[in-house]
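**Q** Following this message is one structure expressed as structure tokens.
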Amino acid sequence: MRLDIISIFPEYFAPLDVSLIGKARERGTLDVRVHQLRDWTHDVHKTVDDTPYGGGPGMVMKPEVWGEAIDDVIGEGKPRMIVPTPSGRPFTQELAQELAGEPWLLFACGRYEGIDSRVMAEYGSRLQVDEVSIGDYVLAGGEVAVLVMVEAVGRLLPGVLGNVNSVTDDSFAPGSMQNLVEGPVYTKPPVWRGHEVPGVLLSGHHGKVARWRRDEALRRTVRNRPDLAAALDPATLDKHDRKLLEELAFRVGPEDVAN
Ligand code: 6GU
């Protein structure tokens, strides 16, 4: 997969040299190219922004420099273009899976109040363009959001993760324990500072271990993600699940307020 990233802070992407993504780049699984937007300015100050039409706070990134940069980076090619912005569609595991199936992604990182909207209109008529948000909070720029997306997408590429199962076990992966977050995990030693590993995990009884893990996943989902718990499909719950949810004073059903 080829990834192009255009930003006024290319240094932000140094982490892509390390860990799983760095290894994938060394192997050639990932071809990551980071570009300095200011290389496409023509003035001595390398200006990339200007005041917003209609007034208001902050600055808007100028369309001309973005147009020249994107034209040069893509040439005759047609990458899928991702524009990180807090006003975008939510970045989810489903979108990560979809992006992992693309041969070429172009990330256009805005700073300030965003990029002149005509840039998205222009390329939206030639490429698939998605404005994407990584969550309900505001970052100073799209760079960190792009790091998040590249890591989430990169680990899904064939051969990037050592263990194929670590992808299918993901909390939000299709076919994992649907709509449940994962429960706690333990390794040796069996007792640490007086805290014991739950005995069932040492029992060697696979059925009991699986049941315990599901119980813990349900507990944690109710406690930390009442939104996911409220959306549980009753058809995916067995009698044991229902009993546990009852004990947690959690009712499944449309009328119920979370918790
Ligand atoms: Cl993608 N960009 C910025 N600047 N802030 C965000 C975001 C993106 N997603 C959530 N907050």
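**Q** Take the alpha carbon atoms of the range 81-169, find their radius of gyration, then divide it by 2.2 N^0.38 Å using N residues; give the quotient.
**A** Normalised Cα radius of gyration, the range 81-169: 1.14.
**Q** How about LYS239: which lysines have a C-alpha closer than 24 Å to its C-alpha, ignoring those fewer than 8 places off in the same chain?
**A** Counting by Cα, and skipping residues close in sequence, LYS239 has these lysines nearby: LYS208.
**Q** Starting from 0 in steps of 10 Å, tell me what percent of the Cα-Cα pairs of the chain lands in each bin.
**A** With 10 Å bins starting at 0, P(r) equals 6, 24, 26, 20, 15, 7, 2, 0.
**Q** Another question, if that's okay. When the helix-only estimate is applied to the chain (DSSP H runs of n ≥ 4, each -39,500 (n - 2.57), divided by the residue count), what is the mean residue ellipticity at 222 nm, nearest 500 deg cm²/dmol?
**A** -9500 deg cm²/dmol
**Q** How long is the range 1-119 along each principal axis, judged by its Cα atoms, biggest number first, in Å?
**A** 46, 32, 29
**Q** Let's see if you can work this out: charge +1 on each Lys and Arg Cβ, -1 on each Asp and Glu Cβ, no other charges. What is the dipole magnitude of the range 1-159 about its Cα centre, in debye to the nearest 20? Can you show the working numbers first?
**A** Numbers: 15 positive and 25 negative charges, 80 e Å.
In debye, rounded to 20, the range 1-159 gives about 380.
**Q** For LYS62, list the lysines whose Cα falls under 19 Å from its own Cα; do not include residues on the same chain fewer than 8 positions away.
**A** Reachable lysines: LYS46.
Values in this text are rule-based calculations from the coordinates and carry no lab data. Everything numeric here is computed off the predicted structure, so don't read it as measured data. Neighbour counts are summed over all protein chains in view; Cβ atoms, including those assigned to glycine, are modelled from backbone coordinates with ideal geometry.
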